[in-house]
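Here the structure is laid out as structure tokens; the discussion comes afterwards.
The values are calculated or read from the model by the stated rules, or taken from the named source; none is laboratory data. None of the values given here were measured: they were computed from a predicted structure. Please note: Cβ atoms are built from the backbone with ideal geometry, for glycine as well, and neighbour counts cover all protein chains shown. Side chains are part of the model used for accessible areas, which takes the heavy atoms of the whole protein and leaves out ligands, DNA and RNA. Shrake-Rupley method; radii C 1.70, N 1.55, O 1.52, S 1.80 Å.
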Amino acid sequence: MVFELKNVSFSYPGGSPGLSSVSLKVSEGERVAILGPNGSGKSTLLKLMDGLLFPESGSMLFRGVAITKQVFSDQNFNRSFRKSVGLVFQDPEVQLFTSSVREEVAFGPVQLGLTDEEVSARINNALAFLNIQGLEERSPFQLSAGEKKKVAIASILAVNPDVLLLDEPTADLDPRSVWEIVDVFEKLYMEKKTIVVSTLDLHVLPEVADRVYVLDEQRTIRGSGPTKEILSNLELLNEANIIHIHKHGRDRTGHVHL
Amino acid sequence: MKRGISSFLFQALISEESAGANGILQNLDPRIKLVLSLALVILLSLVHSILLFAGIVLICLIFSLVSRIRFKAYIGRVWIPAAIFGGLVSLPATINIFIPGEPLLVLWKFSGPVVLGPIHIQEEIAVTHQGVISFLTLFLRIAATLSAVILVSMTTKWQDALRALQDMGVPRSFILILAITYRYIFLFVHLLDNRNLALRSRTIVEHKKGAGRATPAAASAGALLKKYIEKSEQLHGAMVSRGFHGF
């Protein structure tokens with residue numbers, strides 16, 4: 001088991017709720033989606049799974065090791081965890097902090113202490129994987145939203161983690177860019193990466209995940225199951241405020257807004 | 001020409017555009033440009049030769065023309081601060097109230113010596129030879145220094161300058177801090193610019209002070225600070241997530 005969360009709760013400083021009693025499991029090589037409306041705690045959950053935040057209560061295991069603040073003070077564990085798990089943030093602006101794409105993609109491998117040749121090879125491989133060779137010398141200011149997202153993913157892939165956490169990777173992208181990102185998921189799946197993706201995009205869900213956990217506005221798991229099953233459970237999606245069912249027109253015909 | 005916050009972004013874009021032009025200085029190795037400009041700044045702070053200062057200003061002007069940078073923008077960036085910080089500040093030094101000396105041009109003549117408390121003013125107020133030399137030395141020193149530094153900044157891409165610093169042995173952590181600072185200044189100026197536009201688009205009447213309400217500018221500054229803290233926390237998280245554990 002890659003991740004095993006049991007009754008994990010979290011509040012932000014000041015008391016605003018982040019997550020409430022969340023339990024979930026992610027196996028090796030699995031593709032799991034966290035589906036939920038805005039403000040349901042998807043980003044918080046991924047940050048907890050990446051060891052950037054720590055639960056107030058409940059337990060969180062990564063390959064059998066409890067993820068706590070203390071365990072990250074062990075440099076060996078920290079290094080091995082960071083090598084294994086990569087998080088792509090929802091807002092690429094927070095992830096693209098250097099002056100060029102090359103520097104950005106190099107950041108992770110440099111932190112791992114690789115040699116210049118190895119860093120160069122990692123950069124080239126990551127850019128080729130995302131099909132964005134030619135952007136190396138560009139500044140983050142000069143990138144489109146889709147390119148920024150791809151560079152953010154490349155900067156994580158350069159570390160070569162076997163577990164990828166992606167926070168709404170298709171948010172704010174035009175349709176073409178969305179499907180280019182979906183193609184990247186397919187390639188990651190072929191490479192047997194474990195993927196946990198948060199999304200509220202129901203159209204891409206079957207392409208990026210085999211299993212889904214549904215978070216609701218109470219920031220707790222409302223349901224889970226295979227993607228097809230979850231997508232056909234309109235009652236669950238409606239209860240979690242992910243879809244909108246309404247009636248209008250003279251005949252009061254109901255229909256679903258996805 | 002854009003004004004206000006947008007002007008900052010506009011000026012920065014001009015610099016990047018100029019740095020990408022196919023000119024003599026743009027084709028010069030950034031390391032050479034950085035070393036030469038640093039040496040020049042040190043030299044200019046040590047010598048007192050008006051002729052040397054004027055010569056450097058002239059050479060920089062010629063290089064700005066042959067390097068195909070936006071001449072008007074270059075002149076503005078050099079001469080406006082030079083006039084304010086060098087000209088206006090040192091102009092009073094030209095008259096004999098501050099620096100006594102050999103009169104060059106008499107501006108005012110009194111009937112006799114004037115005493116204002118502890119201040120003794122001579123019979124005539126005049127521009128002095130020594131005062132003009134002091135004024136020109138300070139003014140041209142500032143103009144020459146700015147001419148060289150602005151010329152290098154307008155003919156060198158930011159990322160090339162950072163790479164040059166790295167090649168010259170400047171620690172990677174220092175360069176990373178520079179890069180992050182530059183990047184996020186832009187990000188927040190852009191955010192502030194958009195907030196300003198959003199505010200203007202919703203402003204029907206000018207906001208009146210009082211009534212215990214924060215002004216839109218104060219509210220915007222507060223919101224920006226909050227956003228800044230939030231982004232900086234996320235940025236740190238993004239760095240830690242990729243293995244960063246301090247410099």
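Quick look at the numbers
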{"read-out": "Averaged over A:79-85, number of beta-carbon atoms from partner chains that fall within 10 Å", "value": "2"}
{"read-out": "14 Å cut-off, amide nitrogen to a point 7 angstrom out along A:Asn233 Cα→Cβ, residues in segment A:29-48", "value": "A:33-36"}
{"read-out": "Tensor-based shape of segment A:121-234 (alpha-carbon gyration tensor, a/c under 1.5 rounded, otherwise prolate or oblate)", "value": "prolate"}
{"read-out": "The protein assembly as shown - percent of accessible surface contributed by carbon and sulfur, probe 1.4 Å", "value": "60 percent"}
{"read-out": "Accessible area that becomes buried as B packs against A, both chains, 1.4 Å probe, Å², nearest 100", "value": "2500 Å²"}
{"read-out": "Three-way shape label, chain B, alpha-carbon gyration tensor, a/c 1.5", "value": "oblate"}
{"read-out": "Under the span-like rule (Cα at least 15 Å along the axis, Kyte-Doolittle mean at least -0.5), DSSP H helices of chain B", "value": "B:4-19, B:30-46, B:50-66, B:71-81, B:129-155, B:172-202, B:216-241"}
{"read-out": "Average other protein chain Cβ within 10 Å of Cβ, residues A:88-98", "value": "6"}
{"read-out": "Mean accessible surface per residue for the protein assembly as shown, computed with a 1.4 Å probe while every protein chain stays in place, in Å²", "value": "52 Å²"}
{"read-out": "Where labels lie 7 Å past Cα in the beta-carbon direction, separation of A:Asp210 and B:Ile32 in nm", "value": "6.0 nm"}
{"read-out": "Cα centroid separation - segment A:169-212 against segment B:17-37, whole Å", "value": "43 Å"}
{"read-out": "A:Ser80 - accessible surface, heavy atoms, 1.4 Å probe, Å² rounded to 10", "value": "60 Å²"}
{"read-out": "Diffusion coefficient, µm² s⁻¹, Stokes-Einstein with Kirkwood Rh over alpha-carbon pairs of segment A:1-122 at 4 °C and 1.567 mPa s", "value": "80 µm²/s"}
{"read-out": "Principal-axis tilt of helix A:175-190 within chain A, Cα atoms, nearest 10 degrees", "value": "70 degrees"}
{"read-out": "Helix axis angle, A:145-157 relative to chain A longest principal axis, alpha carbon, degrees", "value": "60 degrees"}
{"read-out": "Exposure ranking of A:Glu229, A:Glu137 by accessible area [1.4 Å probe, largest first]", "value": "A:Glu229, A:Glu137"}
{"read-out": "Largest-first ordering by accessible area, 1.4 Å probe, given options B:His48, B:His245", "value": "B:His48, B:His245"}
{"read-out": "Distribution of pairwise C-alpha distances over segment A:3-257, 10 Å bins, in %", "value": "7, 29, 34, 21, 6, 2, 0, 0"}
{"read-out": "Charge dipole magnitude, Cβ of K and R +1, D and E -1 - chain B, Cα centre, debye nearest 20", "value": "1180 debye"}
{"read-out": "Protection proxy ranking, peptides B:141-154, B:184-197, average beta carbon neighbours within 10 Å, highest first", "value": "B:141-154, B:184-197"}
{"read-out": "C-alpha long axis of helix A:116-129 to longest principal axis of chain A, angle in °", "value": "30 degrees"}
{"read-out": "Shape metrics for segment A:74-143, restricted to C-alpha atoms - Rg then Dmax, Å", "value": "12.9, 39"}
{"read-out": "Anisotropy class of the protein assembly as shown from Cα gyration tensor, a/c 1.5 cut", "value": "prolate"}
{"read-out": "Potential lengthening between B:Glu102 and B:Asn22 on full extension [0.36 nm per residue; Cα-Cα distance subtracted]", "value": "23.8 nm"}
